[in-house]
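The values are calculated or read from the model by the stated rules, or taken from the named source; none is laboratory data. Predicted model, so just to flag it, every value in this text is computed and none were measured. Cβ coordinates were reconstructed from backbone atoms using ideal geometry, including for glycine residues, and neighbour counts include every protein chain displayed.
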Amino acid sequence: MARKRLIQAMNEALFEEMERDPAIILFGEDVKASLFGDTKGLWKRFGPDRVRDTPICEALISGMAVGAAAAGRRVICHMMFGNFVYTGMDAIANQAAKLRYMTNGQIKLPITFLAVSGGGRSAAAQHSDAIHPVLANLGGIKVVMPSSPADAKGLLKAAIRDDDPVFFLQAAGRGGEPGEVPEEDYVIPLGEAAVVRPGREVTVVAIGSMVRPALRCADILAREGIEVEVVDPRTLVPLDRETILGSVRKTGRLVVVDEARDTCSFASHIAALAAEQAFDALRAPIRRVTVPDCAIPFAPVLERAVLPDAERIAQAVRDTLAFGRSA
Amino acid sequence: MSVTGTNLPRHELLALYERMLLIRRAEEQLAQDCAAGKLPGPVHLYVGQEAIAVGVCAHLEDRDWITSTHRGHGHFLAKGGDLGRMLAEIYGRAAGICGGFGGSMHVADFSKGIIGANGVVGGGIALATGAALAAQLDGDGKVAVCFFGDGAANQGVLAEALNVGALWKLPLVLVCENNGFSEFSPTATVTSGRIVERARPFGVPGVEVDGNDVLAVWQAANVAVRRAREGGGPTLIEARTYRTRGHVEYETTFITEPYREEAEVQAWRARDPIPRFASWLLNHELASSQELEAIAQAVAQQVAEAVRFAESAPEPDPALARGSMFVNPR
Ligand SMILES: Cc1ncc(C[n+]2csc(CCOP(=O)(O)OP(=O)(O)O)c2C)c(N)n1
């Protein structure tokens, strides 16, 4: 184990995978300069054939990822900010997510799309969307959302080795967060949630960037004598329903925390699954902690007002515990 | 027609004729099937444009990539796809080339280098550019060819592809089939300037060619494909042609305003690429009328057999409707 930042862990995964598999190519806007640090040094090591800066043309580069993958490459395509996925959306929604299905499995598309997703950095409305619900709803795209450096490395390696299109979403502004990262080569399989903190009374499912405030909330509540279990799905597609529902059956109470807007947030999907499949175990209504249905504002006080934090999560937990207790 | 085409050996000339005729007869069958209410979903026929797919694909091998469109039956057959499995696909049968998951707009045989047929107008442009990048990295002379319409030429991604294709000298051939219409809009009402000129600011050669002259298409593609194989970068070919059937079969049942004159359609029918090439072959004594008749009969038989195969094929199992979204679902 060694202490590393999340972005360093991603960078290592990229280096190690590109070293391991010469079929891998990586391209995107300013990947050489590396805005976020994840692709730093790759161009120098692997050269311009395998690591390319593209012009600003998301519609083309997302489609080129599909074409190059169909034609035999393993592709890593950097979309920069989640909001720019929208300008590259045709190739993601209509091509990457559909080509295999509509050719009856003739074509395989090993693509890892990288993007930074979510707010918290005063980047304002056009650089702060949490885009995972949009992507997860496409059906043909796997969606990975790491919450720690160790997970980021293992999940990114799994995403790159996977033969399907995967979106790897790094939470905005969390690249600098440190954590212990194993030294050896390891992979975290897609579709395995993690119980990041065990507890008996309430299940808090926290997605991506929300894991950290959920853990802080668990600390706060522990001081009040409340035991919270925090579950990190780690990948939304495929989703590890068993771990989530298993936790709900154990605690009987569920709070889902998601940095997405409320309407059709991924939290809504998890809440629906629990209501359909673990209703008998529920002792209180499910609570969702999400972003209100507005764009993400600029001023720090405004942004803090819309993004879920530990205190809002704690209040939701207290509410579920209070249900049925007092008149 | 261009006399230099005679440089081609006779059997290759006859092969071009046979392939065009096969596409035509197969689609005439589909037109009938559609009128008889046998085909689920919309069907866009390629009638009148056959010389383009055939003249271009004559230069391609299985390992070369193409991307196709909603009007893709001709590209599929010209690239060597199997007729029976194409018809089965259009009939919605399990034996279809895409198992009944694709249909008329998406007939694609990946083993023949077809990276999908796109229902999204312009959707193939970026895919072909990506395949060209992969081909360039493979370094073995493969090329990628993108077939798209004049309507698709108005998608911004064409400019993006020309920019990157030229910048990286990709082995890419962009074949714009200008058939006079973008759905029900005459091209001139939705397109400024000449499409072929759109290559120039990027330093990409643009070639305009008579798309109803299979030898002219063959020659233009010969230069463009060779240039791409040799590392010379992309070419834009604008092939001028005309869609003599509707945008989509059945369109007369819902169109309220006529969008073209019958006289115009008739004028273009007189330039039909297939009889035109037949006369050329006869005039140059490269084929006898008996030979052409024999080809026609062989084609008719091939179509009849393909129809029998497709019609007798079972429908897909609805229990398998979730199909193949992922290689590894979990
Ligand atoms: C992105 C997109 N926009 C609109 C349509 C609807 N549509 C289907 S075919 C077509 C016209 C395409 O014209 P062109 O590219 O010239 O091809 P043609 O049909 O003439 O072969 C349109 C507008 C579509 N399928 N995809």
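Quick look at the numbers
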quantity: Pairs, first modelled with pLDDT of 95 or more in the stretch B:42-53, second of a type in the set (S, T, N, Q) and more than 10 Å from the ligand (Cβ to nearest atom), C-beta under 6 Å, six or more apart; calculated: B:VAL43/B:SER104; B:VAL47/B:THR244; B:GLY48/B:THR244; B:ALA51/B:ASN212
quantity: Elements of type strands (runs of 3 or more DSSP E) contained in the stretch B:161-247, each with 1 or more residues being within 14 Å of chain A (Cβ to nearest Cβ) and either closer than 28 Å to B:TRP280 by Cα or within 16 Å of the ligand (Cβ to nearest atom) (or both); calculated: B:172-178
quantity: Candidate set: the stretch B:36-60, residues that are within 20 Å of B:VAL265 (Cα to Cα) and out of contact with any helix residue (DSSP H, G or I) (no Cβ under 6 Å at 6 or more places or on another chain); chosen: the one farthest from the ligand (Cβ to nearest atom); calculated: B:GLY48
quantity: Qualifying position, being more than 14 Å from chain B (Cβ to nearest Cβ) and either closer than 30 Å to A:ALA70 by Cα or buried (at least 24 other Cβ atoms within 10 Å of the Cβ) (or both), among A:GLY139, A:GLY191, A:GLY154; calculated: A:GLY154
quantity: Complete set of residues in the stretch B:48-72 that are farther than 14 Å from B:ILE115 by Cα and crowded, with 24+ Cβ neighbours inside 10 Å; calculated: B:GLY48, B:GLN49, B:GLU50, B:ALA51, B:ILE52, B:ALA53, B:VAL54, B:GLY55, B:VAL56, B:CYS57, B:ARG71
quantity: Candidate set: the stretch B:73-103, residues that are closer than 25 Å to B:VAL173 by Cβ and of a type in the set (Gly, Ala, Ser); chosen: the one nearest to the ligand (Cβ to nearest atom); calculated: B:GLY74
quantity: Any hit, the stretch A:311-326, residues being of a type in the set (Ser, Thr, Tyr), in contact with a Pro (Cβ under 8 Å, 6 or more places away or on another chain), in a helix (DSSP H, G or I) and buried (at least 23 other Cβ atoms within 10 Å of the Cβ); calculated: yes
quantity: Among residues of the stretch A:91-108, those that are within 21 Å of the chain's Cα centre (by Cα) and either buried (at least 24 other Cβ atoms within 10 Å of the Cβ) or among the acidic types (Asp, Glu) (or both), counted; calculated: 3
quantity: Total residues in the stretch A:60-95, condition closer than 19 Å to B:ILE125 by Cβ, more than 7 Å from chain B (Cβ to nearest Cβ) and touching a Leu at 6+ places or on another chain (Cβ under 6 Å); calculated: 2
quantity: Single condition B:ASP210 does not satisfy, out of (1) closer than 28 Å to B:GLY119 by Cβ; (2) touching a helix residue (DSSP H, G or I) at 6+ places or on another chain (Cβ under 7 Å); calculated: (1)
quantity: Conditions (1) surrounded by 24 or more Cβ atoms within 10 Å (Cβ to Cβ); (2) within 14 Å of the ligand (Cβ to nearest atom); (3) of a type in the set (Gly, Ala, Ser); (4) touching a residue at least 40 places away in the same chain (Cβ under 8 Å): number failed by B:GLY119; calculated: (1)
quantity: Only one of B:ALA294, B:ALA306, B:ALA298 that is more than 14 Å from every other protein chain (Cβ to nearest Cβ), surrounded by 16 or more Cβ atoms within 10 Å (Cβ to Cβ) and either touching a Cys at 6+ places or on another chain (Cβ under 6 Å) or over 30 Å from A:ALA97 (Cβ atoms) (or both); calculated: B:ALA306
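Listed here are the residues, each with its yes/no results for (1) touching a His at 6+ places or on another chain (Cβ under 9 Å); (2) part of a loop (DSSP other than H, G, I, E, B); (3) within 14 Å of chain A (Cβ to nearest Cβ).
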position: B:PRO40; (1), (2), (3): no, yes, no
position: B:HIS44; (1), (2), (3): yes, yes, no
position: B:VAL47; (1), (2), (3): no, yes, no
position: B:ALA53; (1), (2), (3): yes, no, no
position: B:ASP62; (1), (2), (3): no, yes, yes
position: B:PHE76; (1), (2), (3): no, no, yes
position: B:ARG85; (1), (2), (3): no, no, yes
position: B:GLU89; (1), (2), (3): yes, no, yes
position: B:ALA95; (1), (2), (3): no, yes, yes
